[in-house]
1. Which residue, of Ile419, Ile411, is in a helix (DSSP H, G or I), more than 15 Å from the chain's Cα centre (by Cα) and among the hydrophobic types (A, V, I, L, M, F, W, C)?
2. Does the range 362-372 contain any residue that is part of a helix (DSSP H, G or I), touching a residue at least 40 places away in the same chain (Cβ under 8 Å) and either surrounded by 20 or more Cβ atoms within 10 Å (Cβ to Cβ) or assigned by TED's automatic domain parsing to the domain that holds Ser196 (or both)?
3. Give Ala238, Ala282, Ala217 a once-over and let me know the one that is touching a helix residue (DSSP H, G or I) at 6+ places or on another chain (Cβ under 9 Å), more than 30 Å from Ser437 (Cβ to Cβ) and of a type outside the set (Asp, Glu).
4. Collect the residues in the range 376-423 that are within 25 Å of Ala191 (Cβ to Cβ) and polar (S, T, N, Q), keeping them in residue-number order.
5. Tally the residues that are touching a Phe, Trp or Tyr at 6+ places or on another chain (Cβ under 8 Å) and surrounded by fewer than 18 Cβ atoms within 10 Å (Cβ to Cβ), restricting the search to the range 271-293.
6. Considering each of Ser476, Ser463, Ser451, Ser412 in turn, give the residue that is modelled with pLDDT of 95 or more, in the same structural domain as Arg258 (by TED's automatic domain parsing) and of a type in the set (Gly, Ala, Ser).
7. Sort out which residues of the range 124-136 are crowded, with 17+ Cβ neighbours inside 10 Å and either under 26 Å from Met401 (Cβ atoms) or without any contact (Cβ under 8 Å) to a residue 60 or more places away in the chain (or both), and write them in order of number.
8. So which residues in the range 47-68 are aromatic (Phe, Trp, Tyr) and closer than 25 Å to Glu365 by Cα, if there are any at all?
Amino acid sequence: MTKTVGVIGAGIGGLALSIRLANQGFKVTIFEKNSYPGGKLSEFNMNGFRFDKGPSLFTMPELIDELTNLQGSSHKFEYHKLKVITNYFYSDGTQLKASANVEEFAAEVHLKLNENKETVLKHIKRNAFYFKTTEDLFLKQSLHQLKNFINLKTVKGILSAPFLGLMSTMHKKNEKTFSNPKTVQLFNRFATYNGSNPYKAPALMNMISHLEFNLGAYLPKKGMHQITTHLVKLAEEANVEIKYNATVETLHIESNNRIASIKSNGISYPFDIVASDIDIHALYKYLLPNSFTPKKLIKQEKSSSAYVFYWGINKEFPALGLHNILFSDDYKKEFDYLFSKQYPTEDPTIYINITSKYCKDDAPEGCENWFVMVNVPHNKSESIYYAEAIRKNVVDKINMMLKTDIEKYIISESTLNPIDIENQTSSLGGSLYGNSSNNKFAAFLRHANFSSSIKNLFLVGGSVHPGGGIPLCLFSAKIASQLIVEQEMK
């Protein structure tokens, strides 16, 4: 008899899990509260401009290709490999292009920042070692099963622990490695890829830069939302049913602590297995209020959020590329404000993403679609009192660093703040990546991909193991699918 699976949320974790399970013979139904799929990885159109709403960096495309091949789909997932990953701007006028070619990047850092080229290459090589040593242990399997700690790869990872920078921070390691504070700031920035603080996150997190410099950065040919549309196509090919505008109201747990059904829009749907792709805080608070709550995991420090301006710009800026960073002058102060003072500094680092540089249909001719993002604290149920100030600070900084008057060219505008993010995606306070990685035990303080107290309840997405970001959400789906299949084979 075919086993049934109900999945809560059509984010990329939920979609990827559904594709994997459907290809293992399960009958899968997804419940999505919004009228569209993708969660944070969605899009919208405004006055002739198209914008990706959330994630903008794409690495490890092979994880999408793996799902395409698993489904045996004829739908090709096409993407560009970037030749220049990021354009960096400093307030003193220094500009640096981060080439995808590590030799060229190291030469550029030597030319612009006077760093030793071999030091840069050695640092990137060390970060590759961090990643390759830990990926099997931390990314590709559950950390919450004893059997996974008694295999050769795991033992190798554990024995390598003294060499993985766990006793130092990203900043301390980078400061020790490089002579120019600008180079330190450039590599510190990778902490923001999972919403963390480089002055607290372990040096192991420097491995994030390996994904860009050694594995490459990419852009789907139709923008980031193409990832979502492609996964939806694969799910539909696999006969996964996706119910939109289907808010899940309750989960019914039987007396033997086994999941029984999902209630959505007043209707109860029985399932053998349920998987959640929503933030664990929302799962326990709203859907499992009477069940055991892992308070220690729930109360961990959350990652940062974002304040985003979506601007239709009626001018082209040749100095900018797909990814652009305008650095603040005091990075330490910026992160202190983010995580300690809990409000954004007056001199924030600004990220500008312009997909129309590659996807010409994303903006009218002669125009550009600017996704302008500033890291802000996750919201603690407070009003966004800094909206007016942050816009002024962003505009002033862009004008100063790009030598322009940007407001003259803004012809369309929309915004996204932490409250919006929470309302649309159920992420607590608009936290982009669930828990932060601001301590060396962070990897062990994420929720498992299964419930230890409720039978047949599994979890995927950015708020559970192995963490936030597109690749890790896809890894979480693979881990959860393996756990489900293993359980059903017993």
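1. Working: Ile411 fails: in a helix (DSSP H, G or I).
Answer to the selection: Ile419.
2. The initial filter retains those residues of the range 362-372 that are part of a helix (DSSP H, G or I), namely 362.
With the extra rule that they be touching a residue at least 40 places away in the same chain (Cβ under 8 Å), the set shrinks to 362.
Applying the additional criterion that residues be either surrounded by 20 or more Cβ atoms within 10 Å (Cβ to Cβ) or assigned by TED's automatic domain parsing to the domain that holds Ser196 (or both) yields 362.
Taking every residue of the range 362-372 in turn, at least one turns out to be part of a helix (DSSP H, G or I), touching a residue at least 40 places away in the same chain (Cβ under 8 Å) and either surrounded by 20 or more Cβ atoms within 10 Å (Cβ to Cβ) or assigned by TED's automatic domain parsing to the domain that holds Ser196 (or both).
3. Details: Ala282 fails: more than 30 Å from Ser437 (Cβ to Cβ); Ala217 fails: more than 30 Å from Ser437 (Cβ to Cβ).
Testing whether each residue is touching a helix residue (DSSP H, G or I) at 6+ places or on another chain (Cβ under 9 Å), more than 30 Å from Ser437 (Cβ to Cβ) and of a type outside the set (Asp, Glu) leaves just Ala238.
4. Correct list: Asn379, Asn393, Thr415, Asn417.
5. Of all residues in the range 271-293, those touching a Phe, Trp or Tyr at 6+ places or on another chain (Cβ under 8 Å) come to 273-276, 291, 293.
In the following step, the residues that additionally are surrounded by fewer than 18 Cβ atoms within 10 Å (Cβ to Cβ) were identified as 291, 293.
Number satisfying all stated conditions: 2.
6. Numbers: Ser463 fails: modelled with pLDDT of 95 or more; Ser451 fails: modelled with pLDDT of 95 or more; Ser412 fails: in the same structural domain as Arg258 (by TED's automatic domain parsing).
Step by step, each of Ser476, Ser463, Ser451, Ser412 is checked, and only Ser476 is modelled with pLDDT of 95 or more, in the same structural domain as Arg258 (by TED's automatic domain parsing) and of a type in the set (Gly, Ala, Ser).
7. Hits for the range 124-136 are Thr133, Glu135.
8. So in the range 47-68, the residues aromatic (Phe, Trp, Tyr) come out as 49, 51, 58.
Phe49, Phe51, listed by residue number.
The values are calculated or read from the model by the stated rules, or taken from the named source; none is laboratory data. These numbers come from a predicted model, not from an experiment. Cβ coordinates were reconstructed from backbone atoms using ideal geometry, including for glycine residues, and neighbour counts include every protein chain displayed.
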